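Asker: Pasting a structure below so you can have a look.
The values are calculated or read from the model by the stated rules, or taken from the named source; none is laboratory data. Worth saying up front: this structure is predicted, and the values here are computed from it rather than measured. Note that we place each Cβ from the backbone using ideal geometry, even for glycine, and neighbour counts take in every protein chain shown.
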Amino acid sequence: MTEQMGRTMIVIVLVVATLIASSGAGAAKNMDKISCTYSISITSQSFVDIGGSGNVSVASESDCSWTTTSNDGWITVTSGDSGNGLGTVAYSVAANPDSDSRTGTITIAGETFTVTQDGISCTYSILPTSQSFGDIGGSRDVSVASQGDCSWTATSNDDWITVISGDSGSGSGTVGYSVAANPDADSRTGTITIANETFTATQDGILCTHSISPTSQSFVDIGGSVNVSVTSTGDCSWTATSNDNWITVTSGNSGSGSGTVGYSVAANPDDSSRTGTITIADETFMVTQDGIDVEASVSSSGNLPSIDYQWALSVNETDNSSIPGDDGTIVDTKTQVMPIPGSGMNESEKHFKKYVVVSDPNGIDDIAVVYGQLKDPAGVPMGDEVLATDITANVSQWTEAINLAFDNNLITEAAKDDMLDRLRVEKAGLKIYVVDNFLTNHAAPGNYQVYFKVVDKGNGFEENSNTTNNIGLLIVEYMSLKAFETDFTAINYGPVLVNSRKIIAGDENWTTADRPTIKNQGNVDINLVIVASSMWGQDPDKVSQELPADYLGVEFMGEHVK
């Protein structure tokens, strides 16, 4: 029994062991099915915009199955959509119709394979690339060609070209534009940038037409100045050029559109007439001028010389030129002159010039000298007669003086024209003289008389006065000026003693402010009032008290003023 049981147990053990071993083998086989692993040879691939195809290798256990699926419509699995163990997947990528890049995926055996693809490279073309227009302008279209959804814009680079439609778009399209009328005679060129391409528009200028009015002008021998009107279409440019040296274009020598040309004609030195032209806006303007009348230069009124015209002009000392009304107003035959205040101890002087124009029935060569003299408002001569300066040969000087006299109503236009004519060396009909005078700021106000006397070579003479001829005396009205100047603002007496006089003495030195100085800088009397401030005093018992202001006094030139 013991042996038998022992054998039985052994058998049982073996059986159990066998069963266990057998059970272990089955478990190992089941574990192999659960642990399938997969891998792919590459995990991504890039493509250009035209697309293409590619392959991916799959690795796995021999009896492990797998599938392949595209996750994007533009990626197609062309083979290997399923398999076991090792295998290959083939795929194709479609062309990208857009300018943007894109990314897609394929799931292979549970693994993700990534595909990236460039967008298309946009190209553009326009038709036509240029267009010509007449001066009135117009509207046209430009066609744009491009791939897919490539975007573009259209922008005018000139303000006379306007994009009226299609200022932006994508793919193929149309741009509409308009060209404004050209207001100029010159042609012009402009551009539109369309899809980065340049479209060029050229336009003709307008056809210019010009007219002038008047087309001719006649002048007497002394010449003169006149204007010509120019009428032109649009803003057509034009020029004005004199074709003769005795005709001068003084204004409007160039312009555009309508305008005015000013010109002057010089005096004719000859006794024969002459003709000249100005070319204005390609039109011919005709100028004719009489020759001089030599006999007109001789006066037949008596044998003595004559004072024909006279006037006075104040002088602007800043530029030393005769400027009427510089510091006053000229009225008719009387010149109003305002004195200039002095400065410190220095007097000022007001400068004015006296002009006289004379003639002689025997010719101006018979005139010997001209004297001038200034008389105060009481008629008392202010010094001796002085020789006037003959400025007949200085044309620019007497031309300016005559024009200034006319501009300020001192002479009539007829007088101006007569002098400008007869003072010319060719006419030799008049002579002009000038005398300089000065009045200080202290000269009395009132009407100063300007006296002239012209003497011929036979010692005959003519003088201007209220009784000798109708010229009369030339009057210069010197205006009233109230002005004073001090070198102090207050007088400080400092400490004073009761019943003791204290004097603050002035002087004539403007640099010592503690020595007060006052000067009348005008030409009329002035009243000066000094306002005193109250004083504080102390009596022997040191009791303060206020003293009235009139305890103070100021003395000016012997006159006591409180």
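Asker: Please verify whether segment 456-476 includes one or more residues that are part of a loop (DSSP other than H, G, I, E, B), exposed (fewer than 10 other Cβ atoms within 10 Å of the Cβ) and at pLDDT 75 or above.
Answerer: There is at least one residue in segment 456-476 that is part of a loop (DSSP other than H, G, I, E, B), exposed (fewer than 10 other Cβ atoms within 10 Å of the Cβ) and at pLDDT 75 or above.
Asker: Go through (1) more than 35 Å from the chain's Cα centre (by Cα); (2) surrounded by 14 or more Cβ atoms within 10 Å (Cβ to Cβ) for I161 and report which single condition fails.
Answerer: Among (1) more than 35 Å from the chain's Cα centre (by Cα); (2) surrounded by 14 or more Cβ atoms within 10 Å (Cβ to Cβ), the lone unmet condition for I161 is (1).
Asker: Taking S264 and the conditions (1) part of a strand (DSSP E or B); (2) without any contact (Cβ under 8 Å) to a residue 40 or more places away in the chain, which numbered condition does it fall short on, given that it satisfies the others?
Answerer: If we test S264 against (1) part of a strand (DSSP E or B); (2) without any contact (Cβ under 8 Å) to a residue 40 or more places away in the chain, just (2) comes out false.
Asker: Can you name the condition, by its number, that F438 falls short on among (1) surrounded by fewer than 13 Cβ atoms within 10 Å (Cβ to Cβ); (2) assigned to a helix (DSSP H, G or I)?
Answerer: Failed condition: (2).
Asker: Is segment 210-219 home to any residue that is within 14 Å of A281 (Cβ to Cβ), of a type outside the set (D, E) and modelled with pLDDT under 90?
Answerer: The answer is yes; a qualifying residue exists.
Asker: Being of a type in the set (S, T, Y) and closer than 30 Å to I161 by Cβ, is that true of even one residue in segment 67-90?
Answerer: Checked against the condition, which is being of a type in the set (S, T, Y) and closer than 30 Å to I161 by Cβ, segment 67-90 yields no hits at all.
Asker: Right, something else. In segment 344-363, what residues are assigned to a loop (DSSP other than H, G, I, E, B) and at pLDDT 80 or above?
Answerer: Listed by number, the residues that qualify are D360, P361, N362, G363.
Listed here are the residues, each with its yes/no results for (1) touching a strand residue (DSSP E or B) at 6+ places or on another chain (Cβ under 8 Å); (2) in a loop (DSSP other than H, G, I, E, B).
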| position | (1), (2) |
| --- | --- |
| T116 | yes, no |
| G119 | yes, yes |
| Q131 | yes, no |
| I136 | no, yes |
| T155 | yes, no |
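Asker: With I126, I106 as the choices, which residue is surrounded by 14 or more Cβ atoms within 10 Å (Cβ to Cβ) and in contact (Cβ under 8 Å) with a residue 60 or more places away in the chain?
Answerer: The match here is I126.
Asker: Scan I161, I194, I126 and give me the residue that is of a type in the set (V, I, T) and closer than 30 Å to G257 by Cβ. Show your work before the answer.
Answerer: On the way: I194 fails: closer than 30 Å to G257 by Cβ; I126 fails: closer than 30 Å to G257 by Cβ.
Every option except I161 fails the conditions.
Here's the yes/no breakdown for (1) modelled with pLDDT of 85 or more; (2) surrounded by 15 or more Cβ atoms within 10 Å (Cβ to Cβ):
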| residue | (1), (2) |
| --- | --- |
| N320 | no, no |
| T335 | no, yes |
| M338 | no, yes |
| G342 | no, yes |
| I367 | yes, yes |
| A378 | no, no |
| N408 | no, yes |
| K416 | yes, yes |
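Asker: I would also like to ask the following. Within the bounds of segment 425-435, is there any residue that is assigned to a loop (DSSP other than H, G, I, E, B), at pLDDT 90 or above and out of contact with any Phe, Trp or Tyr (no Cβ under 6 Å at 6 or more places or on another chain)? Steps first, answer last, please.
Answerer: From segment 425-435, those assigned to a loop (DSSP other than H, G, I, E, B) are 425-430; that's our starting set.
Right, trim to at pLDDT 90 or above and you get 430.
Add one more test, that the residue is out of contact with any Phe, Trp or Tyr (no Cβ under 6 Å at 6 or more places or on another chain), and what stays is 430.
Yes, some residue in segment 425-435 is assigned to a loop (DSSP other than H, G, I, E, B), at pLDDT 90 or above and out of contact with any Phe, Trp or Tyr (no Cβ under 6 Å at 6 or more places or on another chain).
Asker: Would you pick out the residues in segment 248-291 that are of a type outside the set (S, T, N, Q) and under 16 Å from D421 (Cα atoms)? Working first, answer last.
Answerer: Within segment 248-291, the subset of a type outside the set (S, T, N, Q) is 249, 252, 255, 257, 259, 261-263, 265-267, 269-271, 274, 276, 278, 280-283, 285-287, 290-291.
Listed by number, the residues that qualify are V265, A266, A267, P269, D270, D271, D290, G291.
Asker: Ok, one more. Looking only at residues in segment 278-318 that are of a type in the set (S, T, Y), assigned to a strand (DSSP E or B) and more than 34 Å from the chain's Cα centre (by Cα), which one is modelled with the lowest pLDDT?
Answerer: S314
Asker: Contact list please: Cβ distance under 9 Å, first residue in segment 40-66 and more than 17 Å from T78 (Cα to Cα), second residue of a type in the set (K, R) and modelled with pLDDT under 90, pairs at least six apart or on different chains.
Answerer: From residues that are more than 17 Å from T78 (Cα to Cα), the pairs are D63/K33; C64/K33.
Asker: Can you tell me which residue is surrounded by the most Cβ atoms within 10 Å (Cβ to Cβ) among those in segment 477-496 that are farther than 23 Å from V357 by Cα and among the acidic types (D, E)?
Answerer: Looking at the filtered set, the residue picked out is D487.
Asker: In segment 432-455, which residues are under 21 Å from L474 (Cβ atoms) and in contact with a Leu (Cβ under 8 Å, 6 or more places away or on another chain)?
Answerer: Correct list: I432, N437, P445, Y448, Q449, V450, Y451, F452.
Asker: When you look at D49, is it closer than 30 Å to W152 by Cα, modelled with pLDDT of 90 or more and assigned to a loop (DSSP other than H, G, I, E, B), yes or no?
Answerer: Against the criterion (closer than 30 Å to W152 by Cα, modelled with pLDDT of 90 or more and assigned to a loop (DSSP other than H, G, I, E, B)), D49 does not qualify.
Asker: Only one residue in D135, D118 is of a type in the set (D, E) and either modelled with pLDDT of 95 or more or under 27 Å from D49 (Cβ atoms) (or both). Which one? It would help to see each step written out before you state the result.
Answerer: Working: D135 fails: either modelled with pLDDT of 95 or more or under 27 Å from D49 (Cβ atoms) (or both).
Exactly one residue qualifies, and that residue is D118.
Asker: Ok, one more. Anything in segment 157-175 that is part of a strand (DSSP E or B) and not small (G, A, S)? List them, or say none.
Answerer: Scanning segment 157-175 gives I161, T162, V163, I164, T174, V175.
Asker: Would you check which residues across segment 177-226 are under 30 Å from the mean Cα position of the chain (by Cα), exposed (fewer than 14 other Cβ atoms within 10 Å of the Cβ) and assigned to a strand (DSSP E or B) and list them?
Answerer: The answer is T189, and nothing else.
Asker: Could you tell me which residue of segment 67-81 is surrounded by the most Cβ atoms within 10 Å (Cβ to Cβ), considering only residues that are touching a residue at least 12 places away in the same chain (Cβ under 8 Å) and among the hydroxyl-bearing types (S, T, Y)?
Answerer: Filtering segment 67-81 for residues that are touching a residue at least 12 places away in the same chain (Cβ under 8 Å) and among the hydroxyl-bearing types (S, T, Y), the one surrounded by the most Cβ atoms within 10 Å (Cβ to Cβ) comes out as T68.
Asker: Separate question: Of these, V58, V77, V16, V89, which one is over 30 Å from S170 (Cα atoms), of a type outside the set (D, E) and at pLDDT below 90?
Answerer: So the residue among V58, V77, V16, V89 that is over 30 Å from S170 (Cα atoms), of a type outside the set (D, E) and at pLDDT below 90 is V16.
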